[in-house]
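The values are calculated or read from the model by the stated rules, or taken from the named source; none is laboratory data. Values in this document were obtained by computation on a predicted structure and should not be read as measured data. Virtual Cβ from ideal backbone geometry, glycine too; neighbours counted across all protein chains shown. These area figures cover heavy atoms from the full protein model, side chains too; ligands, DNA and RNA do not enter into them. Shrake-Rupley method; radii C 1.70, N 1.55, O 1.52, S 1.80 Å.
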Amino acid sequence: MRLAVLGGGGFRVPLVYGALLRDRAEPRVAEVVLHDVSADRLAAIGHVLRGLAEGHDDPPAVRVTTSLDEALRGADFVFSAIRVGGLAGRTADERVALELGLLGQETTGPGGVAYGLRTVPVAVRVAERVAELAPRAWVINFTNPAGMITEAMRRVLGDRVIGICDSPIGLVRRAAAALGLDPARVWPDYVGLNHLGWLRGLGHDGRDVLPELLADDAALRRVEEARLFGPDWVRTLGALPNEYLYYYYFTREAVAATRGRSRGETLLGQQDAFYAAVLARPGDALAEWRRARRERDESYMAEARDTAEAGERDAADLEAGGYEGIALVLMAALSRGEAATMILNVGNGSAVPGLPAEAVVEVPCAVGAGGVRPLATRPLPGRFLGLLQQVKAVEQATIEAALTGSAARAVEAFALHPLVDSVATARALLDGYRARIPELAAVLAG
């Protein structure tokens, strides 16, 4: 099989290649084609992949290209992990919001809207080229905001594009481990949108064991999300929230914690140093990548953990892997018929009552050779459903603004977001983003 990785010069691409090296079942990926707009980044990641492949028998061949059509032609699977505007765009996403006293975060709040506005048109063009050059390929979307981008790509590719995220499975894994259970033997009652969901139940041997976890202080201390939100709040909710809900439930604290150096600014410095070091000393590429990865993982959501006094990230979590493992399980299910149940970003249909049928939701799905089928979920209480409906309306307004070039729809998207407090602020956000992000300004002609 041939795998095309869009955004192939990205820092996390070696995680995907490492997972492919461990996959020995047939049919397996024989060739990986990396596509990126930056030849230097492709060269740097190519050095890292060669280091990973050393000592492995028959590793997947690696080819790099800056031509999208060349990358897509003949692909069986396409991983889309693009970042329109690069990390410089992300720092602007965050900084414009922070300067207006709002949350500055990559996918949540106004930063996520800005990211979506400039990314949706590019993602749709990618989908159109996939439909033309590799119509039978499965597209696995990593590009953030993952739910919004997957929903936009579905307009072209339908069910053949699937969004993935490692936050839900990480939450399930931690909850199961806190109870001494095998994560592979639990059933998650998880429902929401990407970066906005709740674990409402955890089935094991025919019963829901989540209430036992919520009642046990010692067990809750072993779950990062429970430390982040506090035991009293998760008991009030009767659920374990996805870590990104910290930005909704503790907005003031999150804004205060990020007024200094934003996450994007931190990563920009780290990654600039990494790519420069690899291009200067290719022989040290793998060691440099491992060092930078450890630094990146340990600092993930550090400002929120510090504010909540949630402590350091668990070493087991850092070693457990993330979205690359989810992608490989999904590929195996689709290509080999290795049936699996996974939490994925897919078209809703009727899985989540109260959300539009065309909306992309993040729910457990049955996956096999025939494709992906979302599983029905229990109705949501108003305190959860209302937030989902509002944020989904924002996502859909963002998609329409991006595809029509409408500044008015963009203002609507910002103004409707629950983390933006006025229409005047929404207009100021749009002005700020247009001034600082050329890719966004080019999208919004009106």
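Before moving on, here are some points about what is shown:
- Test: residue in the range 398-416 that is in contact (Cβ under 8 Å) with a residue 60 or more places away in the chain, open to solvent by 30 Å² or more (accessible area, probe 1.4 Å) and within 30 Å of Val329 (Cβ to Cβ): no
- When the range 380-425 is filtered for residues that are of a type in the set (Gly, Ala, Ser) and assigned to a loop (DSSP other than H, G, I, E, B), the ones remaining, listed by number, are Gly405, Ser406, Ser422.
Residue-by-condition table, conditions (1) closer than 19 Å to Thr425 by Cβ; (2) open to solvent by 10 Å² or more (accessible area, probe 1.4 Å); (3) of a type in the set (Gly, Ala, Ser):
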{"residue": "Ala88", "(1), (2), (3)": "no, yes, yes"}
{"residue": "Gln105", "(1), (2), (3)": "yes, yes, no"}
{"residue": "Gly116", "(1), (2), (3)": "yes, no, yes"}
{"residue": "Arg129", "(1), (2), (3)": "no, yes, no"}
{"residue": "Ala137", "(1), (2), (3)": "no, no, yes"}
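- Every residue from the range 391-421 that is within 20 Å of the chain's Cα centre (by Cα) and not small (Gly, Ala, Ser): Val391, Lys392, Val394, Glu395, Gln396, Thr398, Ile399, His417, Leu419
- Filter pass, Val96 being touching a strand residue (DSSP E or B) at 6+ places or on another chain (Cβ under 8 Å), open to solvent by less than 10 Å² (accessible area, probe 1.4 Å) and not polar (S, T, N, Q): no
- Qualifying strands (runs of 3 or more DSSP E) (wholly inside the range 45-148; at least 1 residues being at pLDDT 95 or above and of a type in the set (D, E, K, R)): 61-65
- Looking only at the range 387-421, residues that are at pLDDT below 95 and more than 22 Å from Tyr244 (Cβ to Cβ) come to 0 in all.
- Matching residues, the range 35-44, being assigned to a loop (DSSP other than H, G, I, E, B) and buried (at least 17 other Cβ atoms within 10 Å of the Cβ): Asp36
- For the residues Arg154, Arg200, the requirement of being among the basic types (Lys, Arg), at pLDDT 95 or above and under 19 Å from Ile399 (Cβ atoms) singles out Arg154.
- Residue in the range 180-193 that is in contact (Cβ under 8 Å) with a residue 40 or more places away in the chain, touching a helix residue (DSSP H, G or I) at 6+ places or on another chain (Cβ under 9 Å), open to solvent by 30 Å² or more (accessible area, probe 1.4 Å) and within 29 Å of Asp76 (Cβ to Cβ) present: no
- Some residue of the range 217-228 being part of a helix (DSSP H, G or I) and closer than 26 Å to Lys392 by Cβ: yes
- In the set (1) closer than 30 Å to Ala442 by Cβ; (2) part of a loop (DSSP other than H, G, I, E, B); (3) in contact with a strand residue (DSSP E or B) (Cβ under 6 Å, 6 or more places away or on another chain), the condition left unmet by Val29 is number (1).
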